[in-house]
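What follows is a short report on a single structure.
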Amino acid sequence: MIVATRNEHKLRELGEILPAVDLKTLPDDVDLPPEDGETFAANALIKARAACAASGEAAIADDSGIEAAALGGRPGVRSARFAGPAASDEANLEKLLREVAEAGGDRRVGYVCVIALVEPGGSERTFEGRCEGRLIETPRGEGGFGYDPAFVPDDTGPGDDRTMAELSAKEKNAISHRGRAARRLAAALAAAGAEQ
């Protein structure tokens, strides 16, 4: 199955979550169209359709981001480019922390991931996962990427103040938005295999 991404972090995470699926990276000569959808599902489908059309193989793509309550759900689908088109993870995180603080301090956030599966012949399905949590003011941790150093997930429990960047890969994948979406995809693939 082709994965319509060149983001090594996402590819590694998906490989850890879907060990039974043979994931192949997007060929270098395939250009993905702009992610100009207004929803995570729309952007995931844009990428998966392009990868499927170019390769002739089943393709998956994800679109994910963070939604801040204090910002009315922003940055949402603009998470990867929140601080600008070529912004670093650090610049995006700094902007989010600054704007949430300026908006009055509601620190509730949610990670959202939608994985799209597009197969030759036109079948299209999407699978959504969410992970709720809160932002801390000072980022911590060496693992993860993106907004992980400031995201404390609810799922680790009230006494656990570790950020996503401080969790092991196994712990993160068990509760992450991408992990939840990927497990829904895996269940659908297993069900389809059982029917054949």
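The values are calculated or read from the model by the stated rules, or taken from the named source; none is laboratory data. No experiment lies behind these values; they were computed from the predicted model shown. Cβ: placed from backbone, ideal geometry, glycine included. Neighbour counts: every protein chain shown.
Brief remarks follow.
- Within the stretch 81-117, being part of a loop (DSSP other than H, G, I, E, B), under 18 Å from Gly37 (Cα atoms) and in contact (Cβ under 8 Å) with a residue 12 or more places away in the chain holds for one residue alone: Phe82.
- For the stretch 145-152, the condition holds for no residue, the condition being that it is free of Cβ contacts under 8 Å to residues at least 40 places away in the same chain, in contact with a strand residue (DSSP E or B) (Cβ under 9 Å, 6 or more places away or on another chain), more than 14 Å from Glu90 (Cα to Cα) and part of a loop (DSSP other than H, G, I, E, B).
- Meets criteria (touching a His at 6+ places or on another chain (Cβ under 6 Å) and surrounded by 15 or more Cβ atoms within 10 Å (Cβ to Cβ)) for Val112: yes
- Consider the stretch 32-57 and keep the residues that are surrounded by fewer than 17 Cβ atoms within 10 Å (Cβ to Cβ) and of a type in the set (Asp, Glu). The one that is farthest from His177 (Cα to Cα) is Glu57.
- Inter-residue pairs, beta-carbon under 7 Å, first closer than 19 Å to Thr126 by Cβ and in the stretch 55-80, second assigned to a strand (DSSP E or B) and of a type in the set (D, E, K, R), 6+ apart: Gly73/Glu67; Gly76/Glu67; Val77/Asp63
- Among the residues of the stretch 53-80, those that are farther than 15 Å from Asn92 by Cα, part of a helix (DSSP H, G or I) and at pLDDT below 95 comprise Ala53, Ala54, Ser55.
- Scanning the stretch 132-168 for residues that are under 11 Å from Val109 (Cα atoms) and among the β-branched types (Val, Ile, Thr) turns up Ile136, Val152.
- Subset of the stretch 140-161 [surrounded by fewer than 18 Cβ atoms within 10 Å (Cβ to Cβ) and within 20 Å of Ala68 (Cβ to Cβ)]: Arg140, Gly141, Phe145, Asp154, Asp155, Asp161
- Count of the stretch 63-86 residues which are within 17 Å of the chain's Cα centre (by Cα) and not polar (S, T, N, Q): 14
- Scanning the stretch 31-43 for residues that are over 11 Å from Ala4 (Cβ atoms) and part of a helix (DSSP H, G or I) yields Phe40, Ala41, Ala42.
- Boolean, Asp28 is surrounded by fewer than 14 Cβ atoms within 10 Å (Cβ to Cβ), modelled with pLDDT under 95, among the acidic types (Asp, Glu) and more than 21 Å from Thr5 (Cβ to Cβ): no
- Pair list, Cβ < 8 Å and 6+ apart or interchain, from the stretch 1-23 residues that are under 15 Å from Ser64 (Cβ atoms) and modelled with pLDDT of 80 or more to residues that are part of a strand (DSSP E or B) and among the small types (Gly, Ala, Ser): Val3/Ala59; Val3/Ala61; Ala4/Ala59; Ala4/Ala61; Thr5/Ala61
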